[in-house]
Amino acid sequence: MTDEAAVLLRVSLFGFVSGAVYWFVSYEPLGTIALLLLGAGPGFAGLILVQAHRRQGGAAESRGDALRRLAGIPPPDPPGPEDLRDDDLGVLPLPTIWPFATSLGLAILLTGLIYGLWLIVLGGGIAAYGTWGWLAAINRENRYGRIQAEQPPANPGPDPDRADG
């Protein structure tokens, strides 16, 4: 079973279960039919994908793996290297306040669409300043590298040559 078929079958299962529950709760025929059709359409497409996968000679999987895929549980990770230094890890950007400033400006700007022009101007200014600061921080990090604070020297312990007393 492919991931696409599993998603369609999950949507189908949701449609059938919610259609049955909806009927017993409301006795309303139109909504029940709509939910049952939500179950029938993707279910049909999911079964077509399962059959096509089998006909094309796809990898056979156990029932447990098929049920795990249907439930949306990812397969276990393959064994990797023991030492993380061997991995090619992505580099995350340094933490900064600029994304928050930009989103605050955009929130004020969108609130201004409801309450007035002055909030649009204020939010636009804050969003523009936040975007400028964010891009400047990214440019600085790309140009000069990650600037880290220097670590204080480690305390070597007591000096054996030093005589106290």
Exercise for the section: Report yes if some residue within segment 77-85 is at pLDDT below 80, outside any loop (DSSP other than H, G, I, E, B) and on the phi < 0 side of the Ramachandran plot; otherwise report no. Expected result: yes
Problem - Check on L122, at pLDDT 80 or above, out of contact with any Cys (no Cβ under 7 Å at 6 or more places or on another chain) and surrounded by 10 or more Cβ atoms within 10 Å (Cβ to Cβ) - result: yes
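Conditions (1) within 30 Å of G130 (Cα to Cα); (2) assigned to a loop (DSSP other than H, G, I, E, B); (3) modelled with pLDDT under 95, marked per residue:
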| position | (1), (2), (3) |
| --- | --- |
| L38 | no, no, yes |
| E61 | no, yes, yes |
| A66 | no, no, yes |
| L89 | yes, yes, yes |
| P93 | yes, yes, yes |
| A107 | yes, no, no |
| I114 | yes, no, yes |
Handout entry: Residue that is modelled with the highest pLDDT [pool: residues in segment 95-105 that are assigned to a loop (DSSP other than H, G, I, E, B) and open to solvent by 80 Å² or more (accessible area, probe 1.4 Å)]
Key = I97
Handout entry: Test for L70: is it part of a helix (DSSP H, G or I), under 24 Å from the mean Cα position of the chain (by Cα) and surrounded by 14 or more Cβ atoms within 10 Å (Cβ to Cβ)
Key = yes
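The values are calculated or read from the model by the stated rules, or taken from the named source; none is laboratory data. Fair warning: this is a prediction, and the values are worked out from it, not measured in the lab. So basically every Cβ, Gly included, is an ideal-geometry build from the backbone, and we count neighbours across all protein chains shown. Calculation scope for accessible area: heavy atoms of the full protein, side chains included, ligands and nucleic acids excluded. Shrake-Rupley method; radii C 1.70, N 1.55, O 1.52, S 1.80 Å.
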